[in-house]
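All of the numbers you see were taken from the coordinates with simple rules; none came from a lab. Keep in mind the model is a prediction, meaning the values are calculated, not measured. Here the Cβ is made from the backbone with ideal geometry for all residues, glycine too, and neighbour counts use every protein chain on show.
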Amino acid sequence: MARITAGVGSSHIPLLGVAVDQGKTKDDYFTPIFSGYEWTKEWIKGEKPDVIILVYNDHASAFDANIIPAFAIGTGERYKPADEGWGPRPVPDVIGEPDLGWHIAQSLILDEFDMTIINEMDVDHGLTVPLSMMFGQPEAWPVKVIPLAVNVVTYPVPTGNRCWMLGEAIKRAVESYPEDLNVQIWGTGGMSHQLQGPRAGLINAEWDNAFMDGLIGTSDRNRTIPHIEYLRETGSEGIEMVMWLIMRGALGAETRLLHRHYHVPCSNTAVGHIVLEPVS
Amino acid sequence: MSEIKGSVGPVGNQGDIAEYLAELEDIPGTRVYTAARARKGYWLNQFAMSLMKEENRRRWRADEKAYLDEWQLSDDIKQALLARDYNRLLDLGGNIYFLAKVFSTDGLSFLQAVSTMTGMSVTEYKAMMDAGGRSPEGVRSIKGGY
Ligand SMILES: [Fe+2]
């Protein structure tokens, strides 16, 4: 049986991809960020996951203004890094897991989550930056990836509660897959940031840390945070944190904290990441 | 009523769409990308999206006005694009992730481009970020003034 063995929440800030690609990770500006990921890089070398269900959002790369899927799952064989306006990142293609991807897609639909299914797309910094943070610069990514894209751009975006429920359904789907696979789920984006308007640059370290606290143990208080609270407290782009709740929902009733890290700033954004395992 | 699996009922005001949408307009210095803005800015955002292709970026750089004339855009939008007036573009229905294609083509980072919307210089804005960013104190709600 396949099982979800761990969950990771992580920012996916484009500048971190630039730092990796241009060999700047040891610069003074970036050291406090990358050193926070050192523990996680070592940990994942030991864990050797087979597959990562990587929850992220597309930033107007694969999806334009025309079609806006609330929840979309990738069932393709491979995905190329997107050209976001400055050329594609020099990172390996992302290799998919169509068998498990289709299994999850079918299971979710029968579990009343009507997913959009994507066979071909390019993946942007939302997906490739977390891979770089965890795996550095390998010739090929050491895991297969099932992209799970969430609309957090055009309102209304899915509620936190719905995201949590989707996570629970993903857990059921993975556990009904016969092959023995070590699966992780990552929720990415955030933490507090606002990239637009005169209020840009907003950071709320206290709120971000309370949100991370709420992912640990048996707490489920994060699932009922309304959109307006993310917007007021963490900036307009802080809403990306609802994607961490898909990860949290997929870990079951209780989690154990393995590692957490928080740093301000990276570019316009608060960087945070957390590593959790399910307590069963 | 049958029990809905996992449901915890309406979350905050999310059960009342009018109140939900009104609150999205109650944040100082912020244009939440609502359906109304997405409709208004549809072709602006689609134009921006076209700059993901190197061939289009080359044509845009060669003659911005001529490239804009190929799109169904109002004069307001064309002016704001030529002036790189990002606050105005947000008012006209632009979304920052789409507009990012424009400033990336200009070779600007997110930090550089975002700072232009704040009334600060890039240096001042970067200094604010390095000092921990903008506090939410007093900029959470227009009506509430908190
Ligand atoms: Fe993002």
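Between the alpha-carbon centres of the range A:210-280 and the range B:69-146 there is a gap of 26 Å. Taking other residues whose beta carbon is less than 14 angstrom from the beta carbon of residue A:2, and scoring Lys, Arg as +1 and Asp, Glu as -1, yields -2. For every other residue with a beta carbon closer than 10 angstrom to the beta carbon of residue A:228, add +1 if it is Lys or Arg and -1 if Asp or Glu, then tell me the sum. Combined, the nearby Lys, Arg, Asp and Glu give -3.
If the only charges are +1 at each Lys and Arg Cβ and -1 at each Asp and Glu Cβ, what is the size of the charge dipole of chain A around the Cα centre, to the nearest 20 debye?
500
Farthest towards the positive end of the charge dipole of the range A:1-67, among the residues A:15, A:36, A:56, is the Cα of A:36, using unit charges on the Cβ of Lys, Arg, Asp and Glu.
Counting, for every residue in B:107-114, the Cβ atoms of other protein chains within 10 Å of its Cβ and taking the mean gives 5.
Oblate is the label for the range B:5-146. Its Cα gyration tensor axes, ordered a ≥ b ≥ c, give a/c of at least 1.5 and b/c at or above a/b.
Residue by residue along A:149-160, Cβ atoms of other protein chains within 10 Å of the local Cβ number 3 on average. Measuring between their Cα centroids, the range A:49-85 and the range A:100-159 lie 6 Å from each other.
Rank-order A:78-88, A:192-202 by packing density, defined as the average count of other C-beta atoms within 10 Å over each peptide's residues, highest first.
A:192-202, A:78-88
Pairing the Cα long axis of helix B:96-105 with the longest principal axis of chain B, what angle in degrees results, from 0 to 90 and rounded to the nearest 10? Rounded to the nearest ten degrees, it is 20.
To one decimal place, what orientation-averaged projected area in nm² is obtained for the convex hull of the Cα set of the range A:27-135?
Details: hull surface 34.1 nm².
Spelled out: convex hull of the Cα atoms, projected over all directions, averaged, 8.5 nm².
A cut-off under 13 angstrom between Cβ atoms defines the neighbours of residue A:19, and their net charge, with Lys, Arg +1 and Asp, Glu -1, is 0. Can you give me the relative contact order of chain B as a percent, contacts being Cα pairs under 8 Å and 6 or more apart? Normalised by residue count, the contact order of chain B is 26 percent. With only the Cα atoms considered, chain A has a convex hull volume of 120 Å³ per residue. Classified by the C-alpha gyration tensor, the range A:10-63 has an oblate form. Its axis ratio a/c, with a ≥ b ≥ c, is 1.5 or above, and a/b does not exceed b/c. Counting Cβ atoms of other protein chains within 10 Å of each Cβ in B:99-106 and taking the mean gives 4.
Within the same chain, lysines fewer than 8 places from residue B:53 are excluded, and of the rest, those with a Cα less than 21 Å from its Cα are A:80, B:65, B:78, B:101. Using C-alpha pairs under 8 Å with a sequence gap of at least 6, the mean separation divided by the residue count of chain A gives a relative contact order of 31 percent. Here the peptides A:139-146, A:229-236, A:154-161 are ranked by packing, the mean other Cβ count within 10 Å, and the order with the highest first is A:229-236, A:154-161, A:139-146.
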